[in-house]
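Note sheet for the following structure.
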Amino acid sequence: MNDARILDRPAALDVAAIRAQFPILREQVRGKPLVFLDSAASAQKPRAVIEAMVHAMEHQYANIHRGLHWMSERTTEAYEAARDAAQALLGAKEREEIVFVRNTTEGINLLAHSYGRAVLKPGDAVLISAMEHHSNIVPWQMLRDSHGIELRIAPVTDAGELDMEAFATLLDDGRVKLVAITHMSNVLGTYTPVERIVALAHEAGAKVMLDGSQAVVHRKVDVQALGCDFYVFTGHKLYGPTGIGVLWGRRELLEAMPPFLGGGDMISTVSFERSEWAKVPHKFEAGTPAILEGVGLKAAIDWTVALGWDRVAAHEQALTDHALARLSEIEGVRVLGQAQDRGGVVSFTLDGVHAHDVATILDRQGIAVRAGQHCAEPLMRRFGLDSTARASFAAYTTMAEIDYLAEQLARVRAFFR
Amino acid sequence: MTGAAAFDELRDLYQEVILDHGRHPRNHRRLADADRSAKGDNPMCGDRVEVFLRLGADGRIAEASFEGRGCAISQASASLMTELVSGRTADEAKELASALRSLARTGACPACQGAVAEAMERLAPLGGVSEYPSRVKCATLAWHALEAALAGEGKATTE
Ligand SMILES: Cc1ncc(COP(=O)(O)O)c(C=O)c1O
């Protein structure tokens, strides 16, 4: 089937070689080889990332930005190299526009807390969509309740795409000052039409934040070409470690924002009367950061970029097409979302079998899928569902794994009949 | 593919009793004349149940029912519960709930002797969830709601 398309391409990903770099893929679970189809929740780590972090701990580690000694200086360089890597990854204009945070959730909370309180005024509106992850809903609700902003929700069509007509209408009265929207849905796989979103938002006088948690793993992101104002992603989905993520913002916007957390590293002078803030990005990076995780994130970015975005995209497109084709052959399987522009995330239901039972039975066969609401309860409700099962793909996913998933799903159906 | 042998490895968790009660839950309806009711909420997986109890003149549970949707495990557990608590006093029902929780968490039930022994025999298939920590709450949800209803609390959560 689609395998041919991959094999025909001279520049196709060498998936076997990629898999050899992921030690965990040799594990067995419940006596079966691990088939890991839950990369959208968190991706596995290649040897390059593991070794970079181990190397730092074994050979090159101290606190950063503080010591005058050799170890601290080398560690600072290694950590700051992650900022350069993230800058290049996102196509940011300046390295100082890269703020390290713990994860996407913290990045959005930072933005809501700081930009939300200092720049947005009571009565201004923030526009999100019906397909957001809870991390891009709850911080804005908290801001609404504490600061008196209005929260607007752009609807999603039955096909699982952003309803652009409604989106434009919601901008009409000019009160929306920030659009905070996902770049790719973690449930539907849908890519949002970012260029149009940005054009409409800017025309209406609103800034745009994109939640790139999913998109950044699968596509070349260029924040300057996209034209957005803030971009957030989390390292652990990008084959990197947990505990580190990135908030990118245009320098002038970051400079106008007050700090989020106070403490060491984020100040230039401190007295008991007053303190002065350090320059961006350090103003937002209070306390000892996730040093080893920064080292790991740099390795992860380097590793991902070296795969080649074209090849990653072609591989994942082929996997997704194949998965959609195979699942459609199974009676009773319904895939959620049929967006034109979609990535390697496939949510589905199986008639008469609850998603948790699907997941448990697949787990019994060594297959890891996620089941539940995927931290997107309002989206589930939009489609009238309590839960779905979700298979998600990465560079190390094979066609054979998808075939195995389809075979086992057919068995689940037979078992519950 | 349809022979039971093809699915042997699934039988530790999905025994016939569970499949049966999961497919055809007993007492799956609202009790119009309920004296007590309580909702159970599992925020992690989105499962929700509501348990209804009608009490007899002797203070025993005369009738129990439940509403809600969820996985086979949670439906089967709720269904079995409604059958097993009928005719019991509140204390006996609580004792059974606590024995079920122990069974679901550990797969064993050292306290499952005496008054609850017979009922626990019927619940034994639910012990399979102890191998699947994320599914334990599916088995215990309705029982949390039962306890909340008995305590007059109206609401229970597994968190
Ligand atoms: C679209 C999207 N946004 C935000 C998040 C939150 O990421 P994190 O939990 O790392 O903060 C996730 C993943 O969980 C996601 O898929």
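What to note about this one:
- Under a 5 Å amide H cut-off, with hydrogens placed 1.01 Å from N, A:Gly245 pairs with A:Val101, A:Arg102, A:Asn103, A:Gly235 among residues at least 5 apart or on other chains.
- Helix A:138-147 and the longest principal axis of the C-alpha atoms of chain A enclose an angle of approximately 40°.
- Mean per-residue shielding of peptide B:9-16 is 3, counting Cβ atoms of other chains within 10 Å of each Cβ.
- Helix A:47-59 axis, angle to chain A major axis (alpha carbon atoms, nearest 10°): 40
- Virtual spin-label span in nm between A:Ser72 and B:Met44, 7 Å along Cα→Cβ: 4.3
- Average beta carbon contacts from partner chains per residue of A:357-363, 10 Å cutoff: 6
- Taking label positions 7 Å along the Cα-Cβ direction at both A:Glu195 and A:Arg382, the computed distance is 2.3 nm, reported to one decimal.
- Cβ charges +1 (Lys, Arg) and -1 (Asp, Glu), total dipole of chain B, debye: 340
- A:Leu324-A:Thr157 FRET efficiency (beta carbon distance; Förster radius 22 Å; 0.05 resolution): 0.75
- 16 Å Cα-Cα reach of B:Lys39 towards lysines, excluding residues that sit fewer than 8 places from it in its own chain: B:Lys137, B:Lys155
- Theoretical FRET efficiency, 1/(1+(r/R0)^6), r = Cβ-Cβ of B:Thr106 and A:Glu51, R0 45 Å, to 0.05: 0.70
- Using Cβ point charges alone (K and R +1, D and E -1), the dipole size of region A:347-414 about the Cα centre works out to roughly 140 debye.
- Beyond 25 Å in Cα-Cα separation lie the following of the pairs A:Lys121/A:Lys220; A:Lys45/A:Lys207; A:Lys207/A:Lys279; A:Lys207/A:Lys283: A:Lys121/A:Lys220; A:Lys45/A:Lys207.
- Under 15 Å, Cβ to Cβ, from A:Ser135 - net charge with Lys/Arg +1 and Asp/Glu -1: -2
- Prolate/oblate/rounded label for region A:214-256 (Cα gyration tensor, a/c 1.5): oblate
- Average partner coverage of B:70-76, which counts Cβ from other chains inside 10 Å: 5
- For chain B, hydrophobic long helices are taken as DSSP H runs at least 18 Å long by C-alpha position along their axis with mean Kyte-Doolittle hydropathy of 0.5 or more; these are B:72-85, B:136-150.
- Charge dipole (debye, nearest 20) of region A:217-337; +1 at Cβ of Lys and Arg, -1 at Cβ of Asp and Glu: 40
- Other residues with beta-carbon under 10 Å from the beta-carbon of B:Ala145 carry, at +1 per Lys or Arg and -1 per Asp or Glu, a net charge of -1.
- Counting every other Cβ atom within 10 Å of each residue's Cβ, A:Ser275, B:Ser79 order from fewest to most as A:Ser275, B:Ser79.
- Taking A:Lys279, A:Lys32 and counting other C-beta atoms within 10 Å, the order from fewest to most: A:Lys279, A:Lys32
- Charge tally in the Cβ shell below 13 Å around A:Gln28, where Lys, Arg are +1 and Asp, Glu are -1, A:Gln28 excluded: +2
- In this structure, the amide hydrogen of A:Val176, modeled 1.01 Å from its nitrogen in the peptide plane, lies closer than 5 angstrom to those of A:Ala125, counting only residues at least 5 positions away or on a different chain.
- By DSSP, the beta bridges lying fully in the protein assembly as shown are antiparallel in about 65 percent of cases.
- Coupling constants for region A:74-88 follow from the phi torsions by the Karplus curve (6.51 cos²θ - 1.76 cosθ + 1.60, θ = phi - 60°), and in residue order they are 5, 5, 4, 4, 5, 5, 5, 4, 5, 5, 5, 5, 5, 4, 5 Hz; glycine and proline get x.
- Cα gyration tensor, region A:50-305 - rounded (a/c under 1.5), prolate or oblate: oblate
- Computing FRET efficiency as 1/(1 + (r/R0)^6) for A:Glu331 and B:Arg23, where r is the C-beta to C-beta distance and R0 is 25 Å, gives about 0.90.
- Cα shape, region B:43-148, gyration tensor, a/c 1.5 rule: oblate
- A straight chain from A:His134 to A:Ala225 at 0.36 nm per residue would run longer than the Cα-Cα distance by 30.0 nm.
- Each residue of region A:194-203 is assigned a 3J(HN,Hα), and the resulting list reads 4, 4, 5, 4, 5, 4, 5, 5, 5, 4 Hz, derived from the Karplus form 6.51 cos²θ - 1.76 cosθ + 1.60 (θ = phi - 60°), x at Gly and Pro.
- Between helix A:309-328 and chain A: long-axis angle, C-alpha atoms, 0 to 90°, nearest 10: 40
- Cα-projected label distance for A:Lys93 with B:Ala117, points at 7 Å along beta-carbon direction, nm: 8.0
Each reported figure results from applying straightforward, stated rules to the coordinates on display, with no laboratory input. Just so you know, these numbers come straight off a predicted model, no measurement behind them. Positions of Cβ are backbone-derived with ideal geometry, glycine not excepted, and every protein chain shown enters the neighbour counts.
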